[in-house]
Amino acid sequence: MSQLTETAVKGPHSNLREKYGCLIGGEITGSGSGNTFPTINPATGEKLADVPDCDARDVNRAVEAAQKAYPGWRRLTPMERAEYCRRFAARLRERADVYAMLDALDSGNTVKAMRQDVANAARLHDYFAGLAPELKGETIPANTQTFNFTLREPFGVVGRITPFNHPILFAASRLAAPLVAGNTVVLKPAEQTPLSALEMAHDLKEIFPPGVVNVISGDGPQAGAPLVKHPAVRRVAFTGSVEVGREIMRAAADGLKTISLELGGKNPMVIFPDVDLDQAVASAFNGMNYCWVQGQSCGSTSRLFLHADIHDAFLARLTERVKAVRIGLPTDEATEMGCLVSQQQFDKVMSYIELGKKEGAQLVAGGGKPSNPELQCGYFVLPTIFDQVDYRMRLAQEEIFGPVQSVITWKNLDELIPMANSVLYGLTASIWTRDFAAAYRLAQEIEAGYVWINDSSRHFTGVPFGGYKQSGLGREESYSELLSYTQIKSINVNLA
């Protein structure tokens, strides 16, 4: 019987452990205080498990374990470190159904989408493992009496804080670059969705030497902040909200730490009048990530700029597709769209829907909870579209992080560009047109770190991902990410 079949027979809860612990120094352990907190199934409101509620003392233990492991890990060749990551990638693939079901239970994302997240995480470990031989320095011409060269060396202990929207994808994949580069890691997953990372701790324990990877659970103030501030943590990487990103920058400043931030987005999708409507509508739907993480993505194309000439026809088709979405329990293989991650997130999204109505936008789809009685206990929100949105409305300026799409009408490219660039964010953008001259011009003018032309949302291994403005600092999923976990040392040899 396959693992997937077993899961279907036993039910999704068969993937839960009776007890969860952190990974510190190669041992699965509770918090030093013994305190725990519950993690909740957002689709049903039931408690799934109690997990360790870590604080500064646990952070200290984890960092000390990472420090102790660092010299031995650093002394391995890059190819030897890469082999550990390949073994971990293979383990992720072997247990993909377990991880996917845990994330479906814990985050509200569909099990189908989370199964793909596991595959993406494994692929990134293989990718960075393959880049290991590229951790090279340079030789620099001098004169006949001197010889100059550089080395790329790791920082030491890296702190990695990951978000709730893609729990296993970010927790697993964001270990690869720092580990291949020779760093040791302390990972803190989001407190809303800790289960897959704590399950991952058992696989990490079997594969990596003790202390090379440490996993702690807890909230931002008690666990995240001490990790960022710890003097032995020399490099910090965070994925999450702009507000928390700013706090991390301030906290890291005292130690002059190297940081990278992948933050929010209010991303434009621009539709020209010459497009194939069916293709562009499908992209507008997919780009909003309705059926991936219920719109809870920094890359969602939540501002849809429709040219006036095709506005009505395009919006009619998009609305039809949105209203046909199959909303259901995230653990059901037939479900297209699950639920939001928490009461807090649900209340935030609903408040923006009410705000959109008050601001004068026209609600054309969604705007509330589904009517299915089975879903009333969960944080389900219908995929929502507002038309007649002014680009200056808060609805079009602020990141909602939920399934709410704003339609803005445009006629002139020179007027469109400042509207598209009017927000604080600059993560992604999507442009749909057969006019490649216009597309290229807009791609140059638009303030975004990742631009698709006649596509949206897809990530390609090796292509740098990151944002402009307040969408973050640094680039990930690429050679640039690997290099960002190294420091350059210059060495001069006097031959005289």
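The values are calculated or read from the model by the stated rules, or taken from the named source; none is laboratory data. All values derive from a computational prediction rather than experimental measurement. Backbone-built Cβ (ideal geometry, glycine too); neighbour counts: all protein chains shown.
For the reader, a short list of remarks on this structure follows.
- Close pairs from segment 387-403: first in contact (Cβ under 8 Å) with a residue 24 or more places away in the chain and under 19 Å from G368 (Cα atoms), partner among the aromatic types (F, W, Y) and surrounded by 16 or more Cβ atoms within 10 Å (Cβ to Cβ), Cβ under 7 Å, at least 6 apart: L395/Y352; L395/F386; E399/Y425; I400/Y352; P403/Y290
- Those residues of segment 34-85 which are more than 30 Å from T486 (Cβ to Cβ) and aliphatic (A, V, I, L, M), in sequence order: I40, A43, L48, A49, V51
- Considering T139, T150, T110, T146, the condition of being touching a strand residue (DSSP E or B) at 6+ places or on another chain (Cβ under 8 Å) and free of Cβ contacts under 8 Å to residues at least 12 places away in the same chain is satisfied by T139 alone.
- Here K348, K369, K357 are screened, and the one residue that is in a loop (DSSP other than H, G, I, E, B) and basic (K, R) is K369.
- Given (1) crowded, with 18+ Cβ neighbours inside 10 Å; (2) closer than 24 Å to K112 by Cβ; (3) not hydrophobic (A, V, I, L, M, F, W, C), number of the condition H307 does not satisfy: (2)
- Residue match in segment 471-483 (condition: modelled with pLDDT of 95 or more, within 30 Å of A316 (Cβ to Cβ) and among the hydrophobic types (A, V, I, L, M, F, W, C)): no
- If you go through segment 472-496 and pick out every residue that is more than 20 Å from the chain's Cα centre (by Cα) and either of a type in the set (D, E) or part of a loop (DSSP other than H, G, I, E, B) (or both), you end up with 2.
- Candidates V236, V228, filtered to the one that is assigned by TED's automatic domain parsing to the domain that holds P167, over 24 Å from L92 (Cβ atoms), under 22 Å from the mean Cα position of the chain (by Cα) and assigned to a strand (DSSP E or B): V236
- The single residue among R87, R81, R93 that is without any contact (Cβ under 8 Å) to a residue 40 or more places away in the chain, in contact with a helix residue (DSSP H, G or I) (Cβ under 9 Å, 6 or more places away or on another chain) and basic (K, R) turns out to be R93.
- Pairs where the first residue, in segment 42-58, is free of Cβ contacts under 8 Å to residues at least 24 places away in the same chain and the second is in a strand (DSSP E or B) and of a type in the set (S, T, Y), C-beta under 8 Å, 6+ apart: K47/T39
- Residues of segment 221-239 that are buried (at least 22 other Cβ atoms within 10 Å of the Cβ) and either farther than 26 Å from Y70 by Cβ or hydrophobic (A, V, I, L, M, F, W, C) (or both): A223, L227, V228, V233, V236, A237, F238.
- Residue count for segment 187-205, restricted to those that are under 17 Å from A69 (Cβ atoms) and not in a helix (DSSP H, G or I): 1
- Residues (in a loop (DSSP other than H, G, I, E, B) and of a type in the set (V, I, T)) located in segment 210-225: V212, I216
- Residue within segment 25-42 that is of a type in the set (S, T, N, Q) and modelled with pLDDT under 95 present: no
- Among the residues of segment 108-150, those identified as more than 13 Å from M79 (Cα to Cα), small (G, A, S) and touching a helix residue (DSSP H, G or I) at 6+ places or on another chain (Cβ under 9 Å) are G108, A113, A119, A121, A122.
- Positions within segment 318-337 being in contact with a strand residue (DSSP E or B) (Cβ under 8 Å, 6 or more places away or on another chain) and either outside any loop (DSSP other than H, G, I, E, B) or touching a residue at least 60 places away in the same chain (Cβ under 8 Å) (or both), in sequence order: L318, T319, V322, K323, I327, T335, E336, M337
- Set side by side, the residues I385, I446 differ, and just one is within 20 Å of A284 (Cβ to Cβ) and crowded, with 23+ Cβ neighbours inside 10 Å, which is I385.
- If you go through segment 270-291 and pick out every residue that is under 29 Å from the mean Cα position of the chain (by Cα) and not in a loop (DSSP other than H, G, I, E, B), you end up with 14.
- I140 passes every criterion in (1) modelled with pLDDT of 95 or more; (2) over 18 Å from the mean Cα position of the chain (by Cα) apart from (1).
Quick grid of which residues meet (1) buried (at least 24 other Cβ atoms within 10 Å of the Cβ); (2) out of contact with any helix residue (DSSP H, G or I) (no Cβ under 6 Å at 6 or more places or on another chain); (3) within 25 Å of F465 (Cα to Cα):
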{"residue": "G211", "(1), (2), (3)": "yes, no, no"}
{"residue": "I259", "(1), (2), (3)": "no, no, yes"}
{"residue": "Q279", "(1), (2), (3)": "no, yes, yes"}
{"residue": "C298", "(1), (2), (3)": "yes, yes, yes"}
{"residue": "L315", "(1), (2), (3)": "no, yes, no"}
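- Within this structure, Y352 passes the test of being farther than 18 Å from L306 by Cβ, touching a helix residue (DSSP H, G or I) at 6+ places or on another chain (Cβ under 7 Å), among the hydroxyl-bearing types (S, T, Y) and free of Cβ contacts under 8 Å to residues at least 60 places away in the same chain.
- Residue count, segment 126-163 (criterion: out of contact with any Ser or Thr (no Cβ under 7 Å at 6 or more places or on another chain) and either part of a helix (DSSP H, G or I) or not assigned by TED's automatic domain parsing to the domain that holds K68 (or both)): 7
- Within segment 456-471, not a single residue is buried (at least 18 other Cβ atoms within 10 Å of the Cβ), touching a Ser or Thr at 6+ places or on another chain (Cβ under 6 Å) and not in a loop (DSSP other than H, G, I, E, B).
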